[in-house]
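Step one of this worksheet: look at the structure below.
Values in this text are rule-based calculations from the coordinates and carry no lab data. If you're wondering where the values come from, they're calculated on a predicted model, not measured in any experiment. Ideal geometry is used to build each Cβ from the backbone, glycine not excepted, and the neighbour counts take in all protein chains shown.
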Amino acid sequence: MNKFFAHDTAVIDAGCQIGAGTKIWHFSHIMSDCVIGNDCNIGQNVVVSPQVTLGNNVKVQNNVSIYTGVTCDDDVFLGPSCVFTNVTNPRSAVNRKSQYAKTHVGKGATIGANATVVCGHDIGKYAFIGAGAVVTKNVPDYALVVGNPSRLTGWMSEYGHRLEFDNEGMAICPESKQEYKLENNTVIRIK
């Protein structure tokens, strides 16, 4: 008996590993050799291409496309209709399956609705990609990026609040009270 739930209309190809407590909803397709962690939620009409890896507690909203070459760490949130690419110069008549570029999404990152992540660019832990953004370069840990092409506009806490840094480069998350330090355009959480 499966320790995960899959709706009757979901398709799960051979060779997949799906963790306990994961839910896969209507009309989603999990393609061959994927690894999906525990307690994930895969919304409706999602495609997860071959050999994608999703960590534990990943939330994938409706209509998301996750293509070969993508890995997501634990606690990642993928907003409705966001998409990852895996070839930088696709052509219908040219087979580039051997040229898939990799994209890594760090722990706790959020990718907003309708955002596009161009392949070969990594998203740092707890980064926040705004709705509709087009990511064309690496995104640092805790960064807030918006626009097309995306640009750094601020920094986010692990709880998803915009951080306001003082003159000493210190900020406190209003919800968690966690402290953060900004130095040399890098944010770290103070333990």
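What label, among [x] 17.3, 57; [y] 23.6, 91; [z] 16.5, 52, belongs to Rg and Dmax of the Cα atoms in Å computed from the structure on display? Here Rg and Dmax of the Cα atoms in Å agrees with entry [x]. Largest mean-square fluctuation among ILE172, ILE66, ILE123, in a Gaussian network model of the chain whose springs join Cα atoms under 10 Å apart, belongs to ILE172.
Label-to-label distance for LYS137 and LYS3 is 4.3 nm, based on points extended 7 Å past Cα in the beta-carbon direction.
The amide H of LEU163, built 1.01 Å from its N in the peptide plane, has TRP155, MET156, SER157 as neighbours under 5 Å, considering only residues 5 or more places off or on other chains. Could you pull out every one of the lysines with an alpha carbon less than 27 Å from that of LYS177, ignoring same-chain neighbours closer than 8 positions? Correct list for LYS177: LYS59, LYS107, LYS125, LYS191. Residues ASP8, ASP39, ASP141, ASP166 in ascending order of nearby Cβ atoms (within 10 Å, fewest first): ASP8, ASP166, ASP39, ASP141. As a proxy for reagent exposure, LEU54, LEU182 were ordered by neighbouring Cβ count within 10 angstrom, fewest first; the result is LEU182, LEU54.
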